[in-house]
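Below is one structure; the comments refer to it alone.
The values are calculated or read from the model by the stated rules, or taken from the named source; none is laboratory data. The shown structure was predicted, so the numbers you read here are calculated from the model rather than taken from an experiment. Don't worry about glycine lacking a Cβ; one is built from the backbone with ideal geometry, like all the others, and counts go over all protein chains shown. With ligands, DNA and RNA removed, areas are computed over all heavy atoms of the protein, side chains included. Shrake-Rupley method; radii C 1.70, N 1.55, O 1.52, S 1.80 Å.
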Amino acid sequence: MNCHACGTQLAPTARFCHKCGAQLRGDQATGWRAGLPWALAGVAVGALIAVVGLRFTGRTPAAAGAESRMPPQAGGPAMGRPPDISRMTPEERATRLFNRVMTLHAAGKTYSAEFFLPMALQAYGMLPTLDVDARYHMGVLYLTGGDGAGALAQADSIGRVAATHLFGFVLRAQASELRHDTKGARQAYRDFLKNETAERARGLPEYTDHAQNLDSFHQRALDATGGSAKPGT
């Protein structure tokens with residue numbers, strides 16, 4: 001399939017042209033999901049800090065504070081030349097968009113975060129393979145969008161390839177809470193605490209990258225279970 005605007009070859013499932021930003025014919029999105037070019041997704045990305053993991057609260061990044069609460073509008077004030085995302089690898093595009101959604105969400109700019117969220121999910125969906133870290137990022141994006149079922153599906157996928165990986169328990173607990181499944185959330189918190197010591201001793205890179213988030217989740221798990229789960233029990 002080729003872009004009707006610039007002729008770039010696209011994946012059959014693409015909703016936007018990754019080069020010129022055109023929305024593809026037949027993809028009739030509405031509201032905040034439509035009307036703005038894909039190319040604007042890169043505006044001011046270079047100013048964003050690398051926000052990773054489950055950050056729904058925290059200090060507002062200085063770069064995000066300079067943006068308006070609305071997504072960038074065509075014909076608006078010049079904001080500099082956006083990076084050419086067509087030159088990025090698929091992994092780089094997905095990570096950039098994930099960081100952008102998380103930064104906007106942490107800054108309380110819900111409308112802008114919602115605008116970029118489906119783009120980020122699509123970018124991850126186009127990766128040739130998804131490792132545990134990528135599935136965790138997808139799960140966090142689903143949680144940000146209020147989609148507990150989507151986050152739970154990523155937790156299940158993580159569990160199938162790494163049954164005791166902490167990211168699976170993190171996603172499962174919060175997805176269960178979003179779905180008002182108190183029993184499921186409590187079990188996920190207990191499983192996290194039971195496996196946390198052994199898992200973190202493995203020194204996996206993703207655990208190091210998300211250490212602050214895991215520490216915070218550890219306290220949430222203790223509060224939710226009364227500290228009843230013990231390693232190996």
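Applying Stokes-Einstein at 37 °C and 0.692 mPa s to the Kirkwood radius of region 144-233, computed over alpha-carbon pairs, gives a translational diffusion coefficient of 252 µm² s⁻¹. With r defined as the distance between the Cβ atoms of Ala162 and Tyr111 and R0 fixed at 30 Å, what FRET efficiency is calculated, to the nearest 0.05? So the FRET efficiency works out to roughly 0.25. A protection proxy built from the mean count of other Cβ atoms within 10 Å ranks the segments 169-179, 144-154, 194-204, 119-129, most packed first, as 169-179, 144-154, 119-129, 194-204. Taken over the alpha carbons of region 96-201 as equal point scatterers, the Debye sum produces base-10 log I(q)/I(0) values at 0.10 Å⁻¹ of -0.28.
So how much slack lies between Met126 and Thr208, counting 0.36 nm per residue of separation and subtracting their Cα-Cα distance, in nm?
Details: separation 82, 0.36 × 82 = 29.52 nm, distance 2.61 nm.
Going from the current span to full extension adds 26.9 nm.
Solvent-accessible surface of region 150-206, taken per residue with a 1.4 Å probe and all protein chains present: 48 Å². Using alpha carbon centroids, what distance separates region 151-191 and region 99-139, in Å? First find each Cα centre; the distance between them is then 19 Å.
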